[in-house]
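Each remark here refers to the structure printed beneath this line.
What follows draws every value from the coordinates through simple rules; no lab data is involved. Keep in mind it's a predicted model, so treat the numbers as computed, not measured. Please note: Cβ atoms are built from the backbone with ideal geometry, for glycine as well, and neighbour counts cover all protein chains shown.
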Amino acid sequence: MKNKLYISVLALATALLLLCGTAAAAGPASNQEGLEAFLDGVIQNQMTEHNIVGVTMALVQDGEIILLKGYGYANLEEKILVDPSRTIFRPGSSAKLFTWTAVMQLVEQGKLDLDEDINQYIDFEIPAKYHGSLRSRQAGPITLTHFLTHTPGFEDQGSGLFVLTPEEIVSLEAFVKNNIPARVFPEGEVMAYSNYGTALAGYIVEQVSGLSFNDYIEKNIFEPLGMQSSSFRQPLPDDLAMRMAEGYKFFNGQYYQGSYEFISALPAGSMSSTAEDMARFMIAHLQGGQYNGARILEEETVRMMHSTQFSYHPELDGMTYGFIEQTINGKRIINHGGNTFLFGTGLYLLPEENVGLFVSYNGGTGLEREFLIKAFMDRYYPLPPMGELIPPPGSLERAAAYSGEYHPTRANFTTIEKLFSLFQAAQVSYTSEGHLTLNLYGMQMHFVEEEEGLYRYRYPDRGNMINTLVFVPGPFDSVMLCAEGPLFIMTKAPWYGSGSFAGFILVLNLLLFVTAMGGWVYAAIGRMLRKEKSPSNKTALAARVCAFILGLLLIVFLVGLFGTLMDIDPAFGVPRIIMEDTGALDSLLILPYIIGAAILGMACFTALAWVKKHWNRAARIHYSLLTLGSLGLAWIMIFVNLL
């Protein structure tokens, strides 16, 4: 009897699993009403929690748009609702996929070779030389394959990428010729996200096709797909501009309306579009390059474009030709996100399921798309419950070797922008159980070793923004921390180049100079009250004046820099200096040179004091400590290109 009952229960469970499997295979299209209700709940909750004004979304499956919906407002003041077929949003870097599609079209035609030196296609030259510690090595040619996989080795440049008036926009030709970034990594070895690389690829499209980038995209992608509400042009044509959603940021308890963001690297993110138009593009890629009878790519080209082309480990997601790989709940996704200061966007394709999701937010943090796709995958492609991972023997010792501070490869190395990499650092530590802890952007994540150098998120059934970490040798005899795609590739910082060391030096100098300045002022006041004469040693007096000036200027500089960075433009949610030249930073950057001269003066006074035996020994030791601290400060300023 028990055996019969067991068999019956087993049969029932098997039947239920088969039914569930059938439903899962059918995907989101299997229950249209449930799908809409589910997405309504997730998005409306995000809008409430993150003060988002409007959202536009499209979901496609098996060559059809199964859900097209707008939420909230395109214009808050006039209460104009978002219409997914008419309201235009800015997809930001998701637009790079159109540039890469254009490149692959020209590859099909034999006009471009992915492995040819790009200098063969342009009317200027990308120098074959490295910057920094690689300068003694011979640089090889950069190819379109490197651009498509974000491995050309360029540093990142943020200055001038966004401007607020059409008068500030330069031509694509002027941009790529006047903003050549330094080559800081060996080509083909390090993923470092590059807006410049995409812009140059767009310029190559112009050079080879004989059409402007805008004309080429419109003729060869927009028109065949019927994308009549899309454009890379800036400003937008009048018929599209009137349908553009206003951009908003929520700041200090109220909404601020931002102006139109002009993007200098046009092929890297200047596009404006509707959710319906983006749905057509997704269907074309999912249907082997064709939509509604129109073909923009051959099937073989699409397969090649969707295949893995670069990864640091077989178990780690990497890059296709233009798409970023991502695995959620065991399902392979190829995607591309995009952020402007006002809009956050995600485009996700599940090629094996023939499903695509596009979403764009007006406002928010820019990460809402990641939580939406995770919720979507949990709903329609859930991962079976899994137990907690257990670290293997010896994991504690191996984890200890990886602990330290890591800086993103997408960083600047030659200007003051290098300073920002210190604020984007990740901290890797380990627990006594051998778990690895990653602190990134205020989030703490725990990982467990699976094999040497390969770590998985500790709670696989919960899912995480980052599920796999790989540690590999870096280009500078260091260690690289690699996660999904080119945005989470970091190099281990040497102790002298870490934010921790910089912070220690700054705090040490502030303490030393504040206490010394306080002591000197106290002593001077005491002499005045006792009516004593000042010390007759003019060298000692000059040395103290030099140190006093250095300490005062250091405080002024740090306070000024902090104030400049905290001067937030409420409409864009970023420091005002990023969007406009306020002149404040230029004035402030004069101070490091005066501080540097004062440090040199202190070093001379220190040497003179010991040679001539000025002051007593305790005073010489104290002043020497001040000088050593200031030399550390000089190193930090040199490291971040302030000197």
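Among rounded, prolate and oblate, which fits the chain when a ≥ b ≥ c are the square roots of the eigenvalues of its C-alpha gyration tensor, a/c under 1.5 means rounded, and a/b larger than b/c means prolate? Kindly include the intermediate steps, with their values, before the conclusion.
Values: a/c = 1.99, a/b = 1.63, b/c = 1.22.
Since a/c reaches 1.5 and a/b is larger than b/c, the shape of the chain is classed as prolate.
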> Residue by residue, what Karplus-based ³J(HN,Hα) values in Hz, rounded to whole numbers, does the stretch 428-435 have, using 6.51, -1.76 and 1.60 with θ = phi - 60° and x for Gly and Pro?
Replying inline: 10, 9, 9, 9, 5, 7, x, 6
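Quick check on my link table: of LYS538/LYS612; LYS418/LYS492; LYS129/LYS177, which ones sit more than 19 Å apart, alpha carbon to alpha carbon? Each step should come with its number before you reach the end.
Details: LYS538/LYS612 13 Å; LYS418/LYS492 15 Å; LYS129/LYS177 16 Å.
Beyond 19 Å between Cα atoms: no listed pair.
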>> How would ARG86, ARG462 line up from fewest to most surrounding beta-carbon atoms within 10 angstrom?
In response: ARG462, ARG86
> Of SER478, ASN412, ILE466, which is farthest on the positive side of the dipole of the stretch 395-493, counting Cα position, with +1 on Lys and Arg Cβ, -1 on Asp and Glu Cβ, and the Cα centre as origin?
Replying inline: ASN412
> Relative contact order, percent, of the stretch 78-227 when contacts are C-alpha pairs under 8 Å separated by at least 6 residues?
Replying inline: 28 percent
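So what's the back-of-envelope 222 nm ellipticity for the chain, counting only DSSP H runs of four-plus at -39500 (n - 2.57) apiece and dividing by all residues, rounded to 500?
Values: 19 runs with 253 residues, N = 643.
Taking each H run of at least 4 residues, the total per residue is -12500 deg cm²/dmol.
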> How big is the shadow of the Cα convex hull of the stretch 395-493, averaged over all directions, in nm²?
Replying inline: 6.4 nm²
>> Could you sort the peptides 48-56, 334-342 by per-residue average Cβ neighbour count (10 Å cutoff), highest mean leading?
In response: 334-342, 48-56
>> Amide H of THR491 versus every other amide H placed in the peptide plane: which residues, excluding those fewer than 5 positions away on the same chain, fall under 5 Å?
In response: HIS407, THR409, LEU481
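Please compute the contact order of the chain in relative form: average sequence separation of alpha-carbon pairs under 8 Å and at least six residues apart, divided by the residue count, as a percent.
14 percent
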>> Show me, for the stretch 115-129, the HN-Hα J-couplings you get by feeding each phi into the Karplus relation (A = 6.51, B = -1.76, C = 1.60, θ = phi - 60°), rounded to Hz, glycine and proline as x.
In response: 10, 8, 4, 5, 4, 6, 10, 10, 9, 8, 10, 7, x, 8, 8
> If each of SER85 and PHE423 carries a label point 7 Å out from its Cα toward its Cβ, how far apart are those two points in nm?
Replying inline: 4.4 nm
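Where in the chain are the DSSP H helices whose alpha-carbon span along the long axis reaches 20 Å or more and whose Kyte-Doolittle mean is at least -0.5?
Span-like helices, by this rule, are 2-26, 195-209, 499-530, 538-565, 591-612, 617-639.
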> Under 15 Å from the 7 Å Cα→Cβ point of GLU189, by amide nitrogen: which residues of the stretch 109-131?
Replying inline: 129-131
>> Taking a virtual spin label 7 Å from the Cα of LEU628 along the C-beta vector, which residues in the stretch 583-603 bring their backbone nitrogen under 20 Å of it?
In response: 599-603
>> At 0.36 nm per residue, and after removing the present C-alpha to C-alpha distance, how many nm does the segment from GLU168 to ALA400 gain when stretched out fully?
In response: 78.6 nm
> ³J(HN,Hα) across the stretch 359-364 via Karplus (A = 6.51, B = -1.76, C = 1.60, θ = phi - 60°), whole Hz, x for Gly/Pro?
Replying inline: 8, 9, 10, 9, x, x
> Given charges of +1 on the Cβ of Lys and Arg and -1 on the Cβ of Asp and Glu, with all other atoms neutral, how large is the dipole of the chain about its Cα centre, in debye to the nearest 20?
Replying inline: 3540 debye
> From a point 7 Å beyond the Cα of MET242 in the direction of its Cβ, which residues of the stretch 127-168 have a backbone N at a distance under 16 Å?
Replying inline: none
> Amide H to amide H, which residues 5 or more places from GLU450 or on other chains are under 5 Å from it, using H placed in the peptide plane?
Replying inline: TYR455, ARG456
> Just the Cα atoms of the stretch 28-380: what Rg and Dmax do they give in Å?
Replying inline: 19.7, 63
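Which order do peptides 90-97, 411-418 fall in by mean Cβ count within 10 Å, highest first?
Taking the mean over residues of other Cβ atoms within 10 Å, the ranking is 90-97, 411-418.
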> Expressed as a rounded percentage, what relative contact order does the stretch 395-493 have, with Cα pairs under 8 Å and six or more residues apart?
Replying inline: 25 percent
